[in-house]
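To start, the structure under review is shown below, and the notes come after it.
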Amino acid sequence: MKRFAEYEKEVFSLINENDHYIIFNDCKAILNNVDEIGVDIDVANSFDCYDICKRKRPKEENIISQKAKFTTMVSIHQNIDLKIVHVNDQEKAMNLVFDVDEHVQARIMQIYLHIDIEMSSLIEINCNEHSQVQYIYISHAKEPIHEYINTYLDESATLSLSSLSMNETSCESYFHSYLYSEKAKAEFIHCLVNFSSKNQDYSFQVDHLKPHTYSSMRNYGLAKNSSTMRMDSNGSIAKGAFQSELSQKSKGIILDLHSAISANPLLQIDEYDVLANHGASIGAIDDDDLYYLMSRGLSRSLSESLIVNAFITPFISQIQDEKVHLFLEKMIEEHV
Amino acid sequence: MELVIKNLHAQIDGKEILKGIDLTIKTGEMHAIMGPNGTGKSTLSAVIMGNPKYIVTEGSITLDGEDVLSMTVDERSRKGIFLAMQYPNEITGITNSDFIKAALQARMKEGEHVSLFKFIKQMDQAVQDLKMNPDLPHRYINEGFSGGEKKRNEILQMKMLKPHFAILDEIDSGLDVDALKVVGENINAMRSDSFASLIITHYQRLLDYINTTHVHIMVNGRIVRSGGKELITKIDNEGYDWIKAELGIVDNEASKKQAIILGSCAVNKGAK
């Protein structure tokens, strides 16, 4: 086990002077500067004490929630820009709940900086009525990770969720969003980079449960070094959720002959008056894209590198923070 | 500078499209190629640019004596050949401004760098000249662009990269009357002793704004007639039947487009 002091410098290299932050070490919130600005951090022994999951929790999630020694609940009562950094080399399970109050605007950036032990995590984000939540998730795990990220959107709540997974080993990630009240709106961008030579499974699901709900999902996957990746994107529009709109697109690029990506899009539509579309394309770098860039004078290698980096750009463009930008640039340079 | 095409034959998927093209273009000249659908006009432009889908089986293309056919696509571009494509690609994640900056940088010598101030000034001016949306530099390449915006974006790239030989492949398709005027005037404004263009078009409309010096008619993979502006007027008034009749060209029935059944993507088997 490493002591937090060994990570401290690296953790604070991501924090600006005026940032609001919570630092987790081994799944426990050990440092924060948000006590007096409308954010409560509570710790409970049982996950079920927080009744935000308005459904029967599947077995897999129950197993994780019971494995964790405690649950951390972050209640956000005022508009805030919040940075959360995790380092973990001992605890094997984490439960973390964000509850964003009605009419509150919250920007939450969560970074898995050092995950040096195989771990499971269950993260829940509850977006109450008319809240506006931007959730940015950056995962860079060195050991296998098994995670569930569930989001719940109440009436007229909006969620923008962007994730970058650049894990160095196998992982299983499940993102599930429930639009359980009218006019809830969610947009997702997932950038998945697997150069680990291992298998990574990603599953993204959005359930439209009420009328006038909207969701848009864009998934981008890159695989190299004999890696395999599964990108499942599922969407459902329940009976009665009329005039809802759902759009899901997945695009994968395989960068060598020994890697593979599979994309499995699936829609289940139980209402007539809706708009829904999905699509997936997997392949090597598009020859027509290469030709187009090269026809303007860019060499083949530069064109390929631009196209690969372009996969991550939709995620990067969401981040304005200079320190996090530098961290990502370094991480991308090392990996891509 | 001089681009010389001699006896050029090219094929795709084993089918010969170009059947002996001879054409010389000198800087300072504005050439137009007209012709019916499927005669190889776009193939000619793609072969000059080096599209790997096409195989050159005979003939040569030289640029000031240098063998163009042995150059890669990017080398041809850096030598001054530019192709405004009929169907430009959409590439998410690369902004127009980053793309054009990288293309300009690729033309510079080692140790030289694009001046950011100069670049922004030129880009803003080009966007303004083409009456495009000012947010264009920050948008991804052609993503979400209308057909007309894509064509203007091709001309914008041409203005920024300042090629010596610009091939404009049906740049007028998808443009409304006002956009056509803007694009035509911008192409004409490129005229100089170090610039030539080869404009591929079906219609006279675009050529109203461009002072063409040479007009060629292409039929069945060959340039069958070359002349001046009088050819444009004749084609606009009479179509291509007269030239086919003059040359004794009969449309090949087998190559005519045939209707096919596309089928459906979802079949309700239970309904049977």
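The values are calculated or read from the model by the stated rules, or taken from the named source; none is laboratory data. These numbers come from a predicted model, not from an experiment. Please note: Cβ atoms are built from the backbone with ideal geometry, for glycine as well, and neighbour counts cover all protein chains shown.
Worth pointing out:
- Residue in the stretch A:143-161 that is part of a helix (DSSP H, G or I), in contact with a strand residue (DSSP E or B) (Cβ under 7 Å, 6 or more places away or on another chain) and touching a residue at least 12 places away in the same chain (Cβ under 8 Å) present: no
- Unmet criterion (only one of (1) buried (at least 20 other Cβ atoms within 10 Å of the Cβ); (2) more than 14 Å from chain A (Cβ to nearest Cβ)) for B:Asp176: (1)
- Filtering B:Val73, B:Val56 for residues that are closer than 30 Å to A:Lys251 by Cα and at pLDDT 95 or above leaves a single hit, B:Val73.
- Residue within the stretch A:266-289 that is farther than 23 Å from A:Ser139 by Cα, buried (at least 18 other Cβ atoms within 10 Å of the Cβ) and within 12 Å of chain B (Cβ to nearest Cβ) present: yes
- Of all residues in the stretch A:63-86, those satisfying the criterion of being in a strand (DSSP E or B) and closer than 18 Å to A:Asp19 by Cα are A:Val74, A:Ser75, A:Ile76, A:Ile80, A:Asp81, A:Leu82, A:Lys83, A:Ile84, A:Val85, A:His86.
- Criterion applied to A:Ile316, A:Ile312, A:Ile332 was being of a type in the set (A, V, I, L, M, F, W, C), in contact with a strand residue (DSSP E or B) (Cβ under 6 Å, 6 or more places away or on another chain) and either in contact (Cβ under 8 Å) with a residue 12 or more places away in the chain or within 30 Å of A:Gly235 (Cβ to Cβ) (or both), and the one residue passing it is A:Ile312.
- Scope the stretch B:207-231; condition assigned to a loop (DSSP other than H, G, I, E, B) and either of a type in the set (D, E, K, R) or out of contact with any Asp or Glu (no Cβ under 8 Å at 6 or more places or on another chain) (or both); matching residues: B:Ile210, B:Asn211, B:Thr212, B:Asn220, B:Gly228, B:Lys229
- Restricting attention to the stretch B:130-170, the residues that are in a helix (DSSP H, G or I) and over 30 Å from B:Gly35 (Cα atoms) total 3.
- Scanning the stretch B:219-234 for residues that are of a type in the set (Gly, Ala, Ser) and touching a residue at least 40 places away in the same chain (Cβ under 8 Å) returns a single hit, B:Gly221.
- The stretch B:166-216, residues that are among the charged types (D, E, K, R) and either in contact (Cβ under 8 Å) with a residue 60 or more places away in the chain or under 20 Å from B:Met85 (Cβ atoms) (or both): B:Asp169, B:Glu170, B:Asp172, B:Asp176, B:Arg191, B:Asp193, B:Arg205
- Hits in the stretch A:163-208 (condition: under 13 Å from the mean Cα position of the chain (by Cα) and among the aromatic types (Phe, Trp, Tyr)): A:Tyr174, A:Phe175, A:Phe188, A:Tyr202, A:Phe204
- Per-region count, the stretch B:62-108, residues within 10 Å of chain A (Cβ to nearest Cβ), assigned to a loop (DSSP other than H, G, I, E, B) and hydroxyl-bearing (Ser, Thr, Tyr): 2
- Looking across the stretch B:49-61, the residues that are in a strand (DSSP E or B) and either under 25 Å from B:Met1 (Cα atoms) or of a type in the set (Gly, Ala, Ser) (or both) come down to B:Val56, B:Glu58, B:Gly59, B:Ser60, B:Ile61.
- In the stretch B:1-48, residue farthest from A:Asp287 (Cα to Cα) [restricted to those that are assigned to a strand (DSSP E or B) and free of Cβ contacts under 8 Å to residues at least 24 places away in the same chain]: B:Thr24
- Of all residues in the stretch A:301-312, those being more than 7 Å from every other protein chain (Cβ to nearest Cβ), of a type outside the set (A, V, I, L, M) and touching a Leu at 6+ places or on another chain (Cβ under 9 Å) number 2.
- Some residue of the stretch A:224-238 being modelled with pLDDT of 95 or more, within 14 Å of chain B (Cβ to nearest Cβ), in a strand (DSSP E or B) and crowded, with 18+ Cβ neighbours inside 10 Å: no
- Residue match in the stretch A:86-93 (condition: modelled with pLDDT of 90 or more, surrounded by 19 or more Cβ atoms within 10 Å (Cβ to Cβ) and closer than 16 Å to A:Tyr148 by Cβ): yes
- Residue in the stretch B:86-97 that is more than 30 Å from B:Thr43 (Cβ to Cβ), hydroxyl-bearing (Ser, Thr, Tyr) and under 23 Å from the mean Cα position of the chain (by Cα) present: yes
- Residue that is in a loop (DSSP other than H, G, I, E, B) and of a type in the set (Phe, Trp, Tyr), where the choices are A:Tyr272, A:Tyr291: A:Tyr272
- In this structure, B:Ile235 qualifies as in a helix (DSSP H, G or I) and in contact with a helix residue (DSSP H, G or I) (Cβ under 9 Å, 6 or more places away or on another chain).
- B:Asn142 vs. criteria crowded, with 16+ Cβ neighbours inside 10 Å, without any contact (Cβ under 8 Å) to a residue 60 or more places away in the chain and not β-branched (Val, Ile, Thr): yes
- Residues (within 20 Å of A:His114 (Cβ to Cβ) and either outside any strand (DSSP E or B) or in contact with a helix residue (DSSP H, G or I) (Cβ under 6 Å, 6 or more places away or on another chain) (or both)) located in the stretch A:162-188: A:Leu164, A:Met166, A:Asn167, A:Glu168, A:Thr169, A:Ser170
- Boolean, A:Ile37 is surrounded by 12 or more Cβ atoms within 10 Å (Cβ to Cβ) and either out of contact with any Leu (no Cβ under 7 Å at 6 or more places or on another chain) or modelled with pLDDT under 80 (or both): yes
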